């Protein structure tokens, strides 16, 4: 088990962005994306990373195992703690799930199995179709089984917020006696109020025999907008682990946000008297990484990490800020990593300077990866006088490989549009086999024509669900970032792209999304092939 501080007022931060967060519709991540976020979480200083649900699929198993092998063995550079984080895998209270979870997290220095079973009468009757007696028996047996495979076991009575208290006490007692080291009390559907949730944590700690032998944990959903408030109420009542996600990502309305919970404890330390091991200066960077990876845009007025969290436009507010910053800011932007750019980068900057600044931002790139980002940087620097950290973050996200080395790549794009005539887009795309395919298509507008041209080359019918555009920085020369979400059958995938030309950014984003759809498929004979200009191994002359 990962040895966390023995201070009774220390709160363990259990991040479930890669498990509960990924269960948000459309937020599915690839293994490389999960590894990058896991490294960021380690650098952030979270105590436990719930890396996934290994029994859900082979991909999920491999992702959890990869994180356990890399992030779970040695501390990431810059991590506040000396030990690597605990790597946790979720499992239903069935032997197969628990065995898969144990194998997936085994390479970690500090592995954990998190097993759960529903305890509310509604779930027992309508979902499990069983009885309380059976649930109690399975909870006891499966925690014992898990304890035989791993020393660190977390147990959750699902839908605890709507469970009958006497039965909940009985189940939690059985789990502790069976060897559970952490007892998590989930408000699975975000039903409870802060007062009710705090009272439930206090009741269990007081009435469950042997409760002092386990750490109590809080896991709150945001269906009624009270996830952070409920989490804080549970911690005030004696829980010492908080289950949270970056940006509050999660099923339905999401989970309690790590940035909100951590900064509430830090800002109101006199009120709560609690501490965490989180490096708060990494919060904004973690937020941006998760937002870029999932294409879930953070609302401007989002607490702590939103673009307007430290913005002041009102004349009264500006006057107050000039006289004393504490007048309208209870925390400094620097404390969460939201400070202004200190290093000014432009067209005269070299590769080393760009690489150094990216490393400071949490992107440790080398070789070809750095070359791609630097090439994009030089292109943009020729169009803008100065580049900010936000520009660098967008360039870095835009330059990441979408699926693998074998992908369709945008070579060139030309559009014609206006008040007269039909919008036309001509697209040149390099296929995975090196062939250049060209398509010219008419559409209702430049973006519509561009997407149809790409469709004709990849021949991957999808439905566009969402298309968003926003400026990364201020000014008329701002870098535009486009996010798209598309559906193929039952699958929803996303893509994003950045460029000073929003049509080009749109093409990049759409192509990244379609690359995920066609990944691994054989190259098909395209409808536009007879019109395509094909050249192997070089540029079209």
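The values are calculated or read from the model by the stated rules, or taken from the named source; none is laboratory data. A quick note: this is a predicted structure, and the numbers were derived from the prediction, not measured. Here Cβ is always computed from backbone atoms with ideal geometry, including for glycine, and neighbour counts include all displayed protein chains.
Things to note:
- Some residue of the stretch 471-488 being surrounded by fewer than 19 Cβ atoms within 10 Å (Cβ to Cβ), closer than 15 Å to residue 294 by Cα and in contact with a strand residue (DSSP E or B) (Cβ under 7 Å, 6 or more places away or on another chain): yes
- Considering the stretch 187-240, the residues that are assigned to a strand (DSSP E or B) and in contact (Cβ under 8 Å) with a residue 60 or more places away in the chain include one that is farthest from residue 153 (Cα to Cα), namely 219.
- Of the residues making up the stretch 354-369, those that are within 16 Å of residue 391 (Cβ to Cβ) and not in a helix (DSSP H, G or I) are 361, 362, 363, 365.
- So residue 149, is it at pLDDT 95 or above, surrounded by fewer than 21 Cβ atoms within 10 Å (Cβ to Cβ), in contact with a helix residue (DSSP H, G or I) (Cβ under 7 Å, 6 or more places away or on another chain) and part of a helix (DSSP H, G or I): no
- Residue in the stretch 256-270 that is within 17 Å of the chain's Cα centre (by Cα), assigned by TED's automatic domain parsing to the domain that holds residue 38 and more than 20 Å from residue 9 (Cβ to Cβ) present: yes
- Which listed residue is crowded, with 18+ Cβ neighbours inside 10 Å and at pLDDT 70 or above, from 411, 354: 354
- Test for residue 113: is it surrounded by 17 or more Cβ atoms within 10 Å (Cβ to Cβ) and in a helix (DSSP H, G or I): no
- Of note, residue 3 does not satisfy the criterion of being under 24 Å from residue 487 (Cα atoms) and modelled with pLDDT under 95.
- Any hit, the stretch 62-70, residues being at pLDDT below 95, within 25 Å of residue 359 (Cβ to Cβ) and assigned by TED's automatic domain parsing to the domain that holds residue 241: yes
- Unmet requirement for residue 121, which otherwise passes all of (1) over 31 Å from the mean Cα position of the chain (by Cα); (2) free of Cβ contacts under 8 Å to residues at least 40 places away in the same chain; (3) within 30 Å of residue 253 (Cβ to Cβ): (2)
Yes/no per residue for (1) outside any loop (DSSP other than H, G, I, E, B); (2) at pLDDT 90 or above:
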{"site": "426", "(1), (2)": "yes, yes"}
{"site": "450", "(1), (2)": "yes, yes"}
{"site": "457", "(1), (2)": "yes, yes"}
{"site": "487", "(1), (2)": "yes, no"}
{"site": "492", "(1), (2)": "yes, no"}
{"site": "497", "(1), (2)": "yes, no"}
{"site": "507", "(1), (2)": "yes, yes"}
{"site": "540", "(1), (2)": "no, no"}
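- Test: residue in the stretch 178-185 that is part of a helix (DSSP H, G or I), surrounded by 23 or more Cβ atoms within 10 Å (Cβ to Cβ) and in contact with a strand residue (DSSP E or B) (Cβ under 9 Å, 6 or more places away or on another chain): no
- Exclusive hit being assigned by TED's automatic domain parsing to the domain that holds residue 18 and touching a residue at least 40 places away in the same chain (Cβ under 8 Å), set 51, 133, 56: 51
- Verdict on residue 45 being surrounded by fewer than 24 Cβ atoms within 10 Å (Cβ to Cβ), outside the structural domain of residue 486 (by TED's automatic domain parsing) and under 19 Å from residue 280 (Cα atoms): yes
- Subset of the stretch 77-94 that is at negative phi and in contact with a helix residue (DSSP H, G or I) (Cβ under 6 Å, 6 or more places away or on another chain) - its residue that is modelled with the lowest pLDDT: 79
- The single condition from (1) within 22 Å of residue 291 (Cα to Cα); (2) in contact with a helix residue (DSSP H, G or I) (Cβ under 9 Å, 6 or more places away or on another chain); (3) exposed (fewer than 15 other Cβ atoms within 10 Å of the Cβ) that residue 468 fails is (2).
- Hey, residue 33 closer than 27 Å to residue 465 by Cβ, in contact (Cβ under 8 Å) with a residue 60 or more places away in the chain and not in a loop (DSSP other than H, G, I, E, B) or not: yes
- Counting only residues that are surrounded by fewer than 21 Cβ atoms within 10 Å (Cβ to Cβ), at pLDDT below 90 and in a helix (DSSP H, G or I), the stretch 261-311 holds 0 of them.
- Test: residue in the stretch 65-74 that is surrounded by fewer than 19 Cβ atoms within 10 Å (Cβ to Cβ) and in contact with a helix residue (DSSP H, G or I) (Cβ under 9 Å, 6 or more places away or on another chain): yes
- Test result for residue 35, crowded, with 24+ Cβ neighbours inside 10 Å and either within 22 Å of the chain's Cα centre (by Cα) or under 30 Å from residue 292 (Cα atoms) (or both): no
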